[in-house]
Each structure stands twice: as C-alpha cells, then as structure tokens.
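Engineer: Below you'll find the structure I mean.
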Amino acid sequence: MAQHRDIPLNLITGFLGVGKTTAIRHLLAQRPEGEHWAVLVNEFGEIGVDGGLLADTGVALEEVPGGCLCCVSAQMFTVGLNRLIRSQKPDRILIEPTGLGHPAQIIRTLTEPPYAGVLDLRATVTLMDARHLASPRHREHPTWQDQIALADVLLANKADLYSEDDRETLHAYVAAMPSPRPLVVETTQARIEREWLDRPRLERGGALFPEARAFLDAATESTDHDHDHDHDHAAPAADEWVTIDTRGDGYIGRSWLMPEGQVVDHATLAGLVDGFTGDRLKGLVATDQGWHRINRVDGHGGLEPMAAPNTPLRPRIEAILPESDTAALDALARTLDAARTPNP
C-alpha cells in the first residue's frame, strides 16, 4: 500500500442505537463534489443491517460482521480495510465500529504499521445519548466509558428527548471531564457537520484514559480477553431462513437472514417491534404492505416505511439484548416465525 499516503480517516463510534449510521448518512450527503469516500461498517451480529441502510448513498462499502473489530474480527477488519484502500483509492474513509466495540484498540491499529503513513487518523466522533448518564448499566460499562474517553468530538444526540435533568447531568458530566475536553455538541437526528471531521486529534500526552489503558493492557496480555464472542460462521443458505447468535460484553445478539422474496405479515411484525424491550432491534424487511425499516432503541421507535431496494436484498433483522434476557429472545423468535407468509 506504499502508493497510498495520508488518506483522511475518521471513526464514528458510540453505544448501541445512538445514531451512528444516520450520522454517516448526513456526512456522505456533505462530501465535496468529486471526492470519493468509502465506509467500513462493523456490526455485533453476523448478518449486516447497517450496510443496507447505506446502500443507496453511492459510496464504496465494506461490511465486517460478527463482533467488535478489536478481537475476533481483527483479521476481517484489516482485509476489508485493505480492500477499500487498494480497490477504491478513497479520498476519505469512515469507519463505524459496532456499538459494543472498543475504539482504543482500533485507534492503535490505525496508527501503527502497516497503516502509519498510509492513513491520516483525524477526529474520532463519538455519539452518545445523555439519558444514558442516569443508567448504571451504561455508565459502568467499560466500552461506553472507552468510547467517550477517546472522543475528539462528542455529539449528544437525541437532544430533543432530553429532560432538564438530563441536560443538567450532561453539562455536569462534561464539566468534570479531564482536560483536554472534546468538542461537545447537542444535536438531533444525528446531525453532524463535515468540518468537525478535520478537527485535530486531542493530544493526551501519549496516554489514554484509564478505561482504555486497562483494556489495552488486558488485550496485550491475552488475545482471549474478557469480551470473547461466540460465533457460528456457517454460510447462509440462499433459500432458507438463517439464524445466528453472537455473544459478548454481557449481550446476546440474534440475526435473522430471510430468503430473497420472503414477505412477513405487517401487523404481526408491528406488534413484535412494539413489544420489543431489549436494547436494539433493527432490520430491513419486506412486508405485505411494502418494505419497512426497523429501528427500535431502548423501547422507542418502530417500523418505518422505506423504498424497495434498487438491487435484490435478502430481508434481515438483528436484535441485541442483555444475556440474561434469552427467554425474551426466544419469544421474539417464535413471534417472528409466526409472521412468515408463504413465499410466492
């Protein structure tokens, strides 16, 4: 890759469901005329959904499914990134790690050989939901801490949903952050300005925050660190429903890949989505009332009508819940199975 030099690259990170893919869509709409951008997307589940949400943007896209980029997907990550660099020769690369990904390891990978000099890592943008500051499950999760600690730009998304207490808690949290602090912006609909991508990376004296240092130390001591992921890598059959589970960081993800042309009952699917109480449910599904996007986070959101894909696409759904909620996941699977309609 010696012929490729100093390609601007940004991480767009944040916890589950905070709006990373939406933010990337906003950025792609702002790319300068004549510039060729590329996107690498990593998802916790084995069957990508976010890539389908970016398919109509006209940019080169690589998907790395099946866990966080820092561990089991590391080799897939470098293969996908190398492919983007060599085949697309992009003017800028955006990387969207899974919401359960540790950016500390990704940053280290991108700034060491063979990428040193090839990539110009610029501002890391972290999206957060200030309402999570009141949730011990979020604030005490090392990945959540890591993502915010390494932000050069911190976007407090979904600001229109904040209470005054949420906003006061956010301001107090930012005020308590050690120097140098990131640029902090409250935003809605994951709106983001392109010029923020070129802000300088914060100089933290060569030392990362304690959460990131602890993670890197553990990862260095053992490649089998404490957020292993279990995977079934069987190749999806083209003419049947495929279900794959992923586990890690205290969460379980279940991905469903449906046959091309599969239609599900809209009313049953709507009830399934409205009743989902886990952390994240997303998908692209053909129903008897047309194609719909599933976008539900922490009990909010539902089915959204969408245009039919321009190219054939197998419908897909991904659910993410705490590992303790396997009973709820099994109930979800039964309801989804009941929503099937016979293929034409």
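The values are calculated or read from the model by the stated rules, or taken from the named source; none is laboratory data. If you're wondering where the values come from, they're calculated on a predicted model, not measured in any experiment. A quick note on method: Cβ atoms are made from the backbone with ideal geometry, for glycine too, and the neighbour counts reach across all protein chains shown. Accessible surface areas use protein heavy atoms only, side chains included; no ligands, DNA or RNA. Shrake-Rupley method; radii C 1.70, N 1.55, O 1.52, S 1.80 Å.
Engineer: Among the residues in region 317-327, are any surrounded by fewer than 20 Cβ atoms within 10 Å (Cβ to Cβ) and acidic (Asp, Glu)? Spell out the reasoning first.
Structural biologist: Of region 317-327, the ones surrounded by fewer than 20 Cβ atoms within 10 Å (Cβ to Cβ) are 322-327.
Okay, now just the ones that are also acidic (Asp, Glu), so 323, 325.
Yes, some residue in region 317-327 is surrounded by fewer than 20 Cβ atoms within 10 Å (Cβ to Cβ) and acidic (Asp, Glu).
Engineer: Continuing with this model, one more query. Just to be sure, is Ile47 modelled with pLDDT of 90 or more and crowded, with 23+ Cβ neighbours inside 10 Å?
Structural biologist: Numbers: modelled with pLDDT of 90 or more: no; crowded, with 23+ Cβ neighbours inside 10 Å: yes.
No; evaluated as a whole, the condition is false for this residue.
Engineer: Among what's in region 86-110 and is modelled with pLDDT of 90 or more and within 19 Å of the chain's Cα centre (by Cα), pick the residue that is most open to solvent (accessible area, probe 1.4 Å).
Structural biologist: Arg92
Engineer: Here is a follow-up. Counting only residues that are in a helix (DSSP H, G or I) and among the aliphatic types (A, V, I, L, M), which one in region 61-85 is modelled with the highest pLDDT?
Structural biologist: Narrowing region 61-85 to residues in a helix (DSSP H, G or I): 74-85.
Remaining after also requiring among the aliphatic types (A, V, I, L, M): 74, 76, 79, 81, 84-85.
Working: Ala74: 62, Met76: 71, Val79: 80, Leu81: 86, Leu84: 86, Ile85: 91.
Looking at residues that are in a helix (DSSP H, G or I) and among the aliphatic types (A, V, I, L, M), I get Ile85.
Engineer: What do you reckon, is Ser163 modelled with pLDDT of 90 or more and either exposed (fewer than 12 other Cβ atoms within 10 Å of the Cβ) or over 27 Å from Thr22 (Cβ atoms) (or both)?
Structural biologist: Working: modelled with pLDDT of 90 or more: yes; either exposed (fewer than 12 other Cβ atoms within 10 Å of the Cβ) or over 27 Å from Thr22 (Cβ atoms) (or both): yes.
When the stated conditions are applied, Ser163 passes them.
Engineer: Got a sec? Which of Gly52, Gly58 is out of contact with any Phe, Trp or Tyr (no Cβ under 7 Å at 6 or more places or on another chain), at pLDDT below 60 and farther than 24 Å from Leu150 by Cα? Walk me through it before giving the result.
Structural biologist: Details: Gly58 fails: at pLDDT below 60.
From the options Gly52, Gly58, the qualifying one is Gly52.
Engineer: Looking only at region 111-139, which residues are assigned to a strand (DSSP E or B), modelled with pLDDT of 90 or more and hydrophobic (A, V, I, L, M, F, W, C)?
Structural biologist: Here is the first cut: in region 111-139, the ones assigned to a strand (DSSP E or B) are 116, 119-121, 125-129.
Among the residues that remain, those that are also modelled with pLDDT of 90 or more are: 119-121, 125-129.
Hits for region 111-139 are Leu119, Leu121, Val125, Leu127, Met128.
Engineer: Does Asp129 qualify as being acidic (Asp, Glu), over 23 Å from Glu63 (Cα atoms) and within 17 Å of the chain's Cα centre (by Cα)?
Structural biologist: yes
Engineer: Among the residues of region 270-277, are any open to solvent by 50 Å² or more (accessible area, probe 1.4 Å), among the β-branched types (Val, Ile, Thr) and over 21 Å from Asp337 (Cβ atoms)?
Structural biologist: No, because not a single residue in region 270-277 is open to solvent by 50 Å² or more (accessible area, probe 1.4 Å), among the β-branched types (Val, Ile, Thr) and over 21 Å from Asp337 (Cβ atoms).
Engineer: Could you list, in sequence order, all residues of region 119-148 that are more than 20 Å from Glu164 (Cα to Cα), among the aliphatic types (A, V, I, L, M) and open to solvent by 10 Å² or more (accessible area, probe 1.4 Å)?
Structural biologist: Leu119, Leu121
Engineer: Test each condition in (1) at pLDDT 70 or above; (2) outside any helix (DSSP H, G or I); (3) surrounded by 23 or more Cβ atoms within 10 Å (Cβ to Cβ) for Pro32 and report the one that comes out false.
Structural biologist: Going through (1) at pLDDT 70 or above; (2) outside any helix (DSSP H, G or I); (3) surrounded by 23 or more Cβ atoms within 10 Å (Cβ to Cβ) one by one, Pro32 breaks only (3).
Engineer: Taking the condition modelled with pLDDT of 90 or more and either open to solvent by 50 Å² or more (accessible area, probe 1.4 Å) or in contact with a Pro (Cβ under 7 Å, 6 or more places away or on another chain) (or both), does Leu183 pass?
Structural biologist: On the way: modelled with pLDDT of 90 or more: yes; either open to solvent by 50 Å² or more (accessible area, probe 1.4 Å) or in contact with a Pro (Cβ under 7 Å, 6 or more places away or on another chain) (or both): no.
No: the conditions fail for Leu183.
Engineer: Go through region 132-178 and give me each residue that's in contact (Cβ under 8 Å) with a residue 60 or more places away in the chain, touching a helix residue (DSSP H, G or I) at 6+ places or on another chain (Cβ under 6 Å) and charged (D, E, K, R).
Structural biologist: Asp146
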